[in-house]
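Participant: Handing you this structure, nothing more for now.
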Amino acid sequence: MTPRSRYRPLARDFFARSTESVARDLLGAFLVVEDGGQRRVGRIVETEAYDGFDDRASHASKGPTKRNQVMFGPAGHSYVYLIYGMYNCLNVVTAEPDYPAAVLIRAVEPVEGTQGETNGPGRLTRGMGIDRRYNLLDATAPPLYYSAGTGPAPQIIATPRIGVDYAGEWAEAKRRFIDVNSEFVSRPPIKRSRKKK
DNA sequence: CTCGGGATTGAG
DNA sequence: TCAATCCCGAGC
């Protein structure tokens, strides 16, 4: 194995694009956390796009609040929030200011320094030591940033997002993107469990 | 201030 | 199928 000598932060213009483009292009990229002399790295294999004012699955659909305000700000900043009282979810803000949008990072493959499972939004934040202290931080520089992927491009498919059944027609939008060749996707597309309603 | 629910996970 | 667990946002 060749040690990866250096990770280079993706710049703001990478994130200041359409949310779907960013969500797709983050697949295969590295999520890097450098904190306290420790480096933790994961290869992103699953993302979801939360885009615009009308997306009812998005926190931003009810307008700006204290919690979601970072989604209305400039691209390339972290949005970290606590869900179900125990799990942190990591997002990176996309698009232009005043247009609320972000990409949820849902799963990474362990590359360096991670602990436990990282195949799930709550699991990857736990495994990489990410909590709400990272909220609002600039994600184009340490302690948390993204770095371009290496090797062959991932094979991408789009599916509906997870856990947003309350969002009406927006629950069906194919705004979840996964690398089908990865074994670390939170919910593999292989079987469609029976529909319950 | 009270109340209801959630971009999840793991157990039963 | 359901509980854990607590912050946030809405409403009184």
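Bear in mind that the values in this text are calculations on the coordinates, not laboratory data. It should be emphasised that the depicted structure is a prediction, and the values quoted were computed from it without experimental measurement. In this analysis, Cβ positions are derived from the backbone assuming ideal geometry, glycine residues included, and neighbour counts consider all displayed protein chains.
Participant: Given the conditions (1) more than 9 Å from DNA strand B (Cβ to nearest atom); (2) among the β-branched types (V, I, T); (3) closer than 20 Å to A:R175 by Cα, report the number of the one that A:V103 does not fulfil.
Facilitator: (1)
Participant: If you take just the strands (runs of 3 or more DSSP E) that sit entirely in region A:99-197, which of them hold at least 1 residues that are of a type in the set (S, T, Y) and either under 22 Å from A:R39 (Cβ atoms) or over 18 Å from the mean Cα position of the chain (by Cα) (or both)?
Facilitator: In region A:99-197, the matching strands (runs of 3 or more DSSP E) lie at A:144-147.
Participant: Hey, another quick one. Could you go through region A:106-114 and let me know if any residue there is of a type outside the set (K, R), at positive phi, within 15 Å of DNA strand B (Cβ to nearest atom) and in contact (Cβ under 8 Å) with a residue 40 or more places away in the chain.
Facilitator: no
Participant: Identify the single condition in (1) surrounded by fewer than 21 Cβ atoms within 10 Å (Cβ to Cβ); (2) of a type outside the set (F, W, Y); (3) under 18 Å from A:V33 (Cα atoms) that A:E96 does not satisfy, given that it satisfies every other one.
Facilitator: (3)
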